[in-house]
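The values are calculated or read from the model by the stated rules, or taken from the named source; none is laboratory data. Remember, predicted model here, so these are calculated numbers, not experimental data. FYI the Cβ positions are ideal-geometry reconstructions off the backbone, even for glycines, and counts take in every protein chain you see.
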Amino acid sequence: MLTLLDRGGLILVLILVLSVIAVVIIVERLLFFRRIRGDEETIIQRLRSTLEKGHYDEALSICENNPSPVANLMRVGIEKRDHSQETIKAAITDAANLEIPRMERYLSFLGTIAHISPLLGLLGTVTGNIRAFGVLGDFAAAGGNPALLAQGISEALVTTAAGLIVAIPAIIFYNALVSKVNHRIIQLENRVTEMVFLLKGERDAV
């Protein structure tokens, strides 16, 4: 490990730091989506049961005590229950627009890491090759040793390999998480629409 760091220098250290940050973001986002998915099923069942009984204050309490995207949207819908269905949907849409950044949190940074890691690796290779040719030039007067150039190029390529190793999984997880966000948005819309119909149906029946 020490040898690799010596070979790659500061740029390799930066790539390794970015790799750690990428792993932290990926794990945090996966745990976040797993948690809200589990919470959502429980909250939806509780809200459905409560709304069917017409206990709107209790439903609001459930939403406030269990903050999550679906709970936040349902709270808005319940608060607007005396308005028309169009007004409720418009209010929920506005609330959904506020939830999207929360689900996309850190993803832009992960995308940036995925894009700049190979560029940093290429930069490390270029600077490494410059040093390698410089070393070879110093020994040119003494006949030079081609092995020095080969060794320098080999060491320089370490940063390129490191950059690709970080970038490839980062791109894969970035695309997967963006897809998950889009899927979650569609799920929220379907869930909330279903609950709005339930809410309006209960209000109209009263």
**Message:** So, residue 161, is that one at pLDDT 70 or above, of a type outside the set (Phe, Trp, Tyr) and crowded, with 20+ Cβ neighbours inside 10 Å or not?
**Reply:** no
**Item:** Residues of the stretch 70-88 satisfying the condition of being in contact (Cβ under 8 Å) with a residue 24 or more places away in the chain and either assigned to a loop (DSSP other than H, G, I, E, B) or buried (at least 18 other Cβ atoms within 10 Å of the Cβ) (or both)
**Value:** 70, 71, 72, 73, 74, 77, 78, 81, 82, 88
**Message:** Scan the stretch 178-192 and tell me whether some residue there is out of contact with any Asp or Glu (no Cβ under 8 Å at 6 or more places or on another chain), farther than 23 Å from residue 22 by Cβ, surrounded by 12 or more Cβ atoms within 10 Å (Cβ to Cβ) and at pLDDT below 70.
**Reply:** yes
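Applying the selection to the stretch 101-111, what residues are in a helix (DSSP H, G or I) and either surrounded by 15 or more Cβ atoms within 10 Å (Cβ to Cβ) or of a type in the set (Lys, Arg) (or both)?
At the first step, the residues of the stretch 101-111 found to be in a helix (DSSP H, G or I) are 101-103, 107-111.
Selection gives 102, 103, 107, 110, 111.
Would you check if residue 43 is in contact with a Pro (Cβ under 9 Å, 6 or more places away or on another chain), of a type in the set (A, V, I, L, M) and modelled with pLDDT under 80? Explain how you work it out, then say what you get.
Details: in contact with a Pro (Cβ under 9 Å, 6 or more places away or on another chain): no; of a type in the set (A, V, I, L, M): yes; modelled with pLDDT under 80: yes.
Spelling it out, it is not the case that residue 43 is in contact with a Pro (Cβ under 9 Å, 6 or more places away or on another chain), of a type in the set (A, V, I, L, M) and modelled with pLDDT under 80.
Quick check on my filter: what residues within the stretch 15-41 are of a type in the set (Val, Ile, Thr) and touching a residue at least 24 places away in the same chain (Cβ under 8 Å)?
The answer is 15, 21, 25, 26, 36.
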